[in-house]
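Every number here is computed from the coordinates shown, using simple stated rules; none is lab data. For clarity, every value in this text was computed on a predicted model and none was experimentally measured. Counting neighbours? That spans all protein chains shown, and the Cβs are built from the backbone with ideal geometry, glycine included.
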Amino acid sequence: MRHKFYLETPIYQSHKLFNEQPKNVFYKMDCYQPTNSFKIRGMEELCRHHIGEGKTKFVSSSGGNAGYSLAYVGKQLGVSVKVVVPSTTTKFMIDKIKDLGAKVEVHGNVWDEAHQYALKSAAQEDAVYVSPFDDPLLWKGHASIIDECAQQMEQPDTVIVSVGGGGLLCGVLEGMKKNGWTNTQVITTETTGAASFYESYQANKIVELKEIKTIATSLGAKKITTKALELAKEFTIKPVKVSDATALKASFDFLNEKSVLVEPACGAAISVPYFHPELLAESNNILVIVCGGANTEFNYLYQHFK
Ligand SMILES: *Cc1c(COP(=O)(O)O)cnc(C)c1O
């Protein structure tokens, strides 16, 4: 078997929740990836594919976990990575990406401006443009999460997963199909200021949000990929919105429970078994995708939490 850069992550049961509820809540700990998020799975799949086609240059427009994971995989595979970010991206994240040898260019004030520039720049340099969530290669890579879970546990009654642009959701649903988990219910989580999947699912068509207003920046896509809605039709889906405060509190409680810091984007998923057990009334075995996140400066979170 070829050497992989992403890890097979463990599943930990929540003994705390078992004692309180009692239910079997399983955490798939993708926060333990070398880049602290699941994004490395898709990025590895994507990079290997394009390198196989002779490509050696990659350009992304995500100053978050997608750009960070691309930079990591690019460094391991010896290809050039450029990440175009808007001026709102923190120095904290820019430094992390630069530490991996990737070039960072600041362009525009919002993501869309960085994105448009990255598209142009990729075309000019004959580089591959890498979307943070909208690419079948990413979904294929992300699906490995469920392949692993299918080896590690019995089929759960419910899977809980956070949604930004829907790349993780597509990967999880593809993995569930592949492993025969089609009658498992899926709860999607978003914060109220970034509920693009929630709105689109209710309207049964892609709805573009006017603005993004959330501390969970990794969920901040105005528009989800259409594939997420298509795949969702094949499953029983319960879309859930939680407040920023709830997502943040879940991140802190999870830090206390498992001694690992995850972004509020991930806290949103964990908040369901913590604070909304009523949504799990009919489930005994619950799998939470702990999607992780490296874009969390502790001081920043702590100041919002206090
Ligand atoms: C990217 C990301 C998400 C959202 O994933 P999408 O594929 O955009 O839906 C959620 N949590 C974390 C930590 C992420 O990095």
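A few comments on the model shown:
- Cross-link partners of K249 among aspartates and glutamates (Cα-Cα below 14 Å; sequence separation of 8 or more within a chain): E257, E263
- Nearest-0.05 FRET efficiency for T192 and K233, computed from C-beta distance (R0 22 Å): 0.35
- Computed [θ] at 222 nm, helices only, for the chain once each DSSP H run of length n ≥ 4 contributes -39500 (n - 2.57): -13000 deg cm²/dmol
- Taking other Cβ atoms within 10 Å as a rough exposure proxy, W139, W111 sort from fewest to most as W111, W139.
- Helix 111-124 axis versus longest C-alpha principal axis of the chain: approximately 40°, rounded to the nearest ten.
- Once C-alpha pairs closer than 8 Å and six or more residues apart are averaged by separation and normalised to the residue number of segment 39-130, the relative contact order reads 33 percent.
- Rh (Kirkwood; distinct C-alpha pairs) - segment 39-130, Å: 12.7
- Sparsely packed GluC sites (Glu not before Pro) within segment 69-178, loop by DSSP, other Cβ within 10 Å at most 14: E125, E154
- 0 to 90° range, to nearest 10: angle between helix 167-178 axis and the chain longest Cα axis: 60
- Computed label-point distance, nm, for sites E20 and M153 using a 7 Å Cα→Cβ extension: 1.7
- With Cα atoms, 0 to 90° folded angle of helix 244-258 axis to the chain main axis: 80
- Global size of the chain as Cα Rg and Dmax, reported in angstrom: 18.1, 58
- In terms of distances greater than 19 angstrom between alpha carbons, the cross-link table entries K39/K140; K82/K210; K55/K82 yield K82/K210.
- Relative contact order (%) - the chain, alpha-carbon pairs under 8 angstrom, separation at least six: 20
- When you filter the GluC sites (Glu not before Pro) in segment 237-306 for DSSP loop state and at most 11 other Cβ atoms inside 10 Å of their Cβ, you are left with E282.
- Enclosing the Cα atoms of segment 228-268 in their convex hull gives a volume equal to 91 cubic angstrom per residue.
- Listing H115, H49 from fewest to most neighbouring C-beta atoms within 10 Å gives H49, H115.
- A viscosity of 0.692 mPa s and a temperature of 37 °C, combined with the Kirkwood radius over Cα pairs in Stokes-Einstein, give a translational diffusion coefficient for segment 218-306 of 228 µm²/s.
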